[in-house]
Amino acid sequence: MIRYIFKRLLHSIPLIIAITIISFFIVHWMPGDPIRTMLGDKAPEEQVVRMREELNLDKPLYEQFQIWLKELVRMDFGESIMWKESVVQIVKSRIEPTFLLALIGIIISVLLGVPLGIVSARVHGKIMEKILSVLSLLSISLPAFWIAIIMIQIFGVKFQVFPVAGYHTIENFGILIALKDLMLPGLVLGIMHSGQIGRMTKASMLEIMKQDYLKTARASGISEHIVLNYYALKPALTSVVVVIGFSFAALLAGAVVIEQIFNIPGIGNLTITAILNRDYPVIQVVLLFIAIIFIIVNIITDIVCAFINPKVRYENE
Amino acid sequence: MSKIMKKNNLNSYIIIGIILLTIPIIVSIVGSLMSIHNPLETDALNKLQEPCVKYLMGTDDVGRDIFTRVTIGIRVSLLIGLSVTLIGTALGMCIGIISAYYKKTEKILMRIVDGIMAFPTIILAIVLAGILGAGTKNIIVALSISYIPTLARVTRNATLEVLSKEYVESAIVLGKSDIYIIFNYIVPNILSQVIVQITYTFAMAILHESILSFLGVGIKVPTPSLGGMVNDGRNYISIAPWVITFPGLTISWIVLALNMVGDGLSEWLNPRRKNRG
């Protein structure tokens, strides 16, 4: 097992190198002069030159890349252009709501999606399956921002069950108020991802139900109920873990849009504000951060799978 | 492939999906031919009008006719979706086939693909669109780049499967050129798998374009876009719900139709893979 984990970690090193390079160069691909865009056309020339020096933008690209790598090692990426604060501090302060939101989203989407998948696999070939598959298709196809606006109108404005915007930090207001703020956005996020989880769960359930050992179990006279709920569900658990791992990244991405609508000061909100204001240091760090999270989640998913299913472990060792 | 097609009846999802898809296309064409309103013309006297005979879908906060704007929005969305799908598919298939066929290129190409794939698609698209600036051309570039990795990966897996078949091996032994093998043996045999991904990509492109436009990094105002119209109508939802209802419904309709076609194609063309979701 330890060998597997070690090997898995080793495999992610080239990927981390790749995303470091991409995060750096993506921003330098921008057309036009970033300083001019930031300061406006009327800014005096000396201010432009000074700012360019401050941000090291006057140096050749490879030197800038070296500086970026040094910053990476020291975990200090300088100051944000817009907020004049340490980039690392800014990103840190935005992590809490995003993770909490993704967590609520994942819990809701698993609670809805996994039963949806199991039931659809069970009624395979019946009309009920068609209805359920259209439902999960709807959840994938509807634009989340549109649903969010409608949900805000219904639950926030009309019935006033949930707060409609903003976020109160755990530190200052306690976990309950923080959770209440994120309930409605989490609900939207969860519903919009439950379809994908349902589809994946259904696919893996159907795959497993074809296996020979289930036929044997049925032939031995074990009731269908036990075959499905015990013999089939247990191996399906591995796939569900994969689904959850996969969805976490998708949810994190979905949170970007949801945060913007609900005005939650999270990573997504930060990304969009930074992009609209061309705050390069922040964009670079946010991109790197998101990709690293994505890789970590993938590694954890793989390890958990290997833990549940020894076959995965032995094939890769 | 043709044998499989004959054996299976055309899937009902494909038919329903295509019918659903033609409706907005017809509405868009007929609407722009018959429209009496200018999509950009503001009219302070007729702002936030309810849907009626003169304004089929009502008017927005500055008195523009929503129906006319929706018809243009459909056209813009479909054109962007189509361009992105074509560019992404062409490049993605090239990368996928090359990396599978020429083993030496695999390491570098797949590392890049994996690297890009570590960024969630929509975030990558938002960042790229933000970097390049709003505008139709830039959205097409941003979305195409975001989808290439997935398409490359699907193509590569399908190609590897075909390469292990005996008829390809015999063609190699017979000394056929690489180009001949790729176009006569590989491309026709991977199409059935890739075409499903292409359809989903089309659906995703339209959904993502609407997100970009909604967030303000998509299509430049004042050009009507379905996502942008939802954003415009947000603040008036209590007094004028039609402003966001119709554009949102249109996006959902088109994306649902395309996803249905994708699901249908996947069952029809790859019966062995049936029930994949």
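Separation between the A:I300 and B:L249 pseudo-spin-labels, each 7 Å from Cα along Cα→Cβ, expressed in nm?
4.2
May I ask you to rank A:M205, A:M75, A:M151 by accessible area, largest first, using a 1.4 Å probe over the protein chains only?
Values: A:M205 5, A:M75 120, A:M151 25 Å².
Sorted by accessible area, descending: A:M75, A:M151, A:M205.
Just to be sure I follow: if Rg is taken over the C-alpha atoms of the protein assembly as shown and Rh is the Kirkwood radius over the same atoms, what is Rg/Rh? Working shown, then result.
Details: Rg = 25.3 Å, Rh = 26.0 Å.
Here Rg/Rh amounts to 0.97.
Cross-link list A:K7/A:K70; B:K103/B:K165; A:K59/A:K84; A:K234/A:K311; B:K137/B:K220; A:K7/A:K311: which exceed 19 angstrom alpha carbon to alpha carbon? Show your work: numbers first, answer last.
Numbers: A:K7/A:K70 27 Å; B:K103/B:K165 17 Å; A:K59/A:K84 22 Å; A:K234/A:K311 14 Å; B:K137/B:K220 11 Å; A:K7/A:K311 16 Å.
As for pairs spanning more than 19 Å Cα to Cα, those are A:K7/A:K70; A:K59/A:K84.
Any idea how far the Cα center of region B:110-143 sits from the one of region A:177-214, in Å?
27
For a quick check of your reading of the filter: which trypsin sites (Lys or Arg not before Pro) in region A:214-288 sit in a DSSP loop and have no more than 12 other Cβ atoms within 10 Å?
Working: sites: A:K215, A:R218, A:R278; in loops: A:R278.
Loop-located and lightly packed - none at all.
Counting Lys and Arg as +1 and Asp and Glu as -1, each charge on the Cβ, what is the dipole of region A:114-214 about the Cα centre in debye, to the nearest 20? Could the numbers behind the result be given before it?
Working: 8 positive and 5 negative charges, 74 e Å.
Around 360 debye, computed over region A:114-214.
Are there DSSP H segments in chain B that both extend 24 Å or more along their axis (alpha-carbon positions) and score a mean Kyte-Doolittle hydropathy of at least 0.5? List them, or say none.
Values: long enough: B:12-34 (33 Å, 2.41); B:66-101 (50 Å, 1.69); B:136-163 (38 Å, 0.73); B:187-215 (40 Å, 1.29); B:242-269 (40 Å, 1.16).
Qualifying helices, which must be both long enough and hydrophobic enough, are B:12-34, B:66-101, B:136-163, B:187-215, B:242-269.
Taking the 0 to 90 degree range and rounding to the nearest ten, how far is the long axis of helix A:61-74 tilted relative to the main principal axis of chain A, both from C-alpha atoms?
For helix A:61-74, the angle is close to 60 degrees.
Report, to two decimal places, the Cα Rg of region B:16-63 normalised by 2.2 N^0.38 Å (N = number of residues).
Working: Rg = 13.3 Å, N = 48, 2.2 N^0.38 = 9.6 Å.
So the Cα radius of gyration is 1.39 times the expected 2.2 N^0.38 Å.
If I model region B:145-277 as equal point scatterers sitting on the Cα atoms and use the Debye formula, what is log10 I(q)/I(0) at q = 0.18 Å⁻¹?
Rounded to two decimals, the profile gives -0.99.
What is the angle, in °, between the Cα long axis of helix A:233-262 and the longest principal axis of the Cα atoms in chain A? Nearest 10 is fine, range 0 to 90.
Between helix and principal axis, roughly 30 degrees.
Quick one: net charge around B:I126, please, counting Lys, Arg +1 and Asp, Glu -1 for every other residue with C-beta under 15 Å from its C-beta.
Summing Lys/Arg as +1 and Asp/Glu as -1 gives -2.
How many angstrom lie between the Cα centre of region A:57-134 and the Cα centre of region A:267-293?
11
If you count only protein heavy atoms with a 1.4 Å probe, what accessible area per residue comes out for region B:2-276, rounded to a whole Å²?
Working: 12440 Å² over 275 residues.
Each residue of region B:2-276 exposes 45 Å² on average to a 1.4 Å probe.
Report the Cα-based extents of region A:87-316 along its three principal axes, largest first, to the nearest Å.
Its Cα atoms span 65, 47, 31 Å along the three principal axes.
With N residues in region A:62-177, what two-decimal value do you get for its Cα radius of gyration over 2.2 N^0.38 Å?
Values: Rg = 21.7 Å, N = 116, 2.2 N^0.38 = 13.4 Å.
Taking the Cα Rg and dividing by 2.2 N^0.38 Å, one obtains 1.62.
Among B:V194, B:S99, B:G175, whose Cα sits farthest toward the positive end of the charge dipole of chain B (+1 at Cβ of Lys/Arg, -1 at Cβ of Asp/Glu, about the Cα centre)?
B:G175
Can you list the chymotrypsin sites (Phe, Trp or Tyr not before Pro) in region A:140-234 that are in a DSSP coil and have 14 or fewer other beta carbons within 10 angstrom?
Within region A:140-234, the qualifying chymotrypsin sites (Phe, Trp or Tyr not before Pro) (loop, at most 14 other Cβ atoms within 10 Å) are A:F159.
For the protein assembly as shown, with all protein chains present and a 1.4 Å probe, just round the carbon and sulfur fraction of the accessible area to a whole percent.
Here carbon and sulfur together make up 66 percent of the probe-accessible area.
So, R0 is 51 Å and r is the distance between the beta-carbons of B:I239 and A:K92; what FRET efficiency does that work out to, to 0.05? Display every interim value, and only then the final one.
Numbers: r = 41 Å, r/R0 = 0.80.
The formula returns an efficiency of 0.80 here.
222 nm [θ] for the protein assembly as shown, helices only, -39500 (n - 2.57) per DSSP H run of 4+, per residue, to 500?
Taken over the protein assembly as shown, the calculation gives -24500 deg cm²/dmol.
Taking R0 as 51 Å, what's the FRET efficiency between B:V53 and A:K126 from their Cβ-Cβ distance, rounded to 0.05? Walk me through the numbers on the way to the answer.
Working: r = 44 Å, r/R0 = 0.87.
Plugging the Cβ-Cβ distance into 1/(1 + (r/R0)^6) gives 0.70.
Mind checking the dipole of chain A: about its Cα centre, +1 per Lys or Arg Cβ, -1 per Asp or Glu Cβ, Debye to the nearest 20? Walk me through the intermediate numbers first.
Working: 27 positive and 24 negative charges, 285 e Å.
Dipole size: approximately 1360 debye.
With a 1.4 Å probe and every protein chain left in place, tell me how much accessible area A:L251 has, in Å² to the nearest 10.
0
Hey, with R₀ at 51 Å, roughly what FRET efficiency would A:I177 and B:K165 work out to, going by the Cβ-Cβ distance, to 0.05? Before the final figure, lay out each step's value.
Working: r = 61 Å, r/R0 = 1.20.
For R0 = 51 Å, the calculated efficiency reads 0.25.
Taking H as built 1.01 Å from N, whose amide H comes closer than 5 Å to the amide H of A:G266, not counting residues under 5 places away?
So A:G266 has HN proximity to no qualifying residue.
Excluding B:K107 itself, what net charge comes from residues whose Cβ is under 14 Å from its Cβ, given Lys and Arg +1 and Asp and Glu -1? Mind dumping the intermediate values first?
Values: positive: B:K103, B:K104, B:R111, B:R156; negative: B:E106, B:D114.
So the environment of B:K107 carries a net charge of +2.
Mean shadow of chain B, computed from the convex hull of its alpha carbons, in nm²?
17.0
Once the other residues with Cβ under 15 Å from the Cβ of B:R156 are scored (Lys, Arg +1; Asp, Glu -1), what is the net sum? Display every interim value, and only then the final one.
Values: positive: B:K103, B:K104, B:K107, B:R111, B:R153; negative: B:E106, B:D114, B:E161.
Summing Lys/Arg as +1 and Asp/Glu as -1 gives +2.
Helix A:280-308 against the longest principal axis of chain A: what's the angle in degrees, Cα atoms only, rounded to the nearest 10?
20
Enumerate the aspartates and glutamates that A:K42 could reach by cross-link, defined here as Cα to Cα under 18 Å, with residues fewer than 8 away along the same chain left out.
Answer for A:K42, where 18 Å is the Cα cut-off: A:D33, listed by chain and number.
The values are calculated or read from the model by the stated rules, or taken from the named source; none is laboratory data. This one's a predicted model, so the numbers in the text were calculated from it and none came from an experiment. Note: ideal-geometry Cβ built from the backbone for every residue, glycine included; neighbour counts use all protein chains shown. When the accessible area is computed, the model is the full protein with side chains, heavy atoms only, and any ligands, DNA or RNA have been set aside. Shrake-Rupley method; radii C 1.70, N 1.55, O 1.52, S 1.80 Å.
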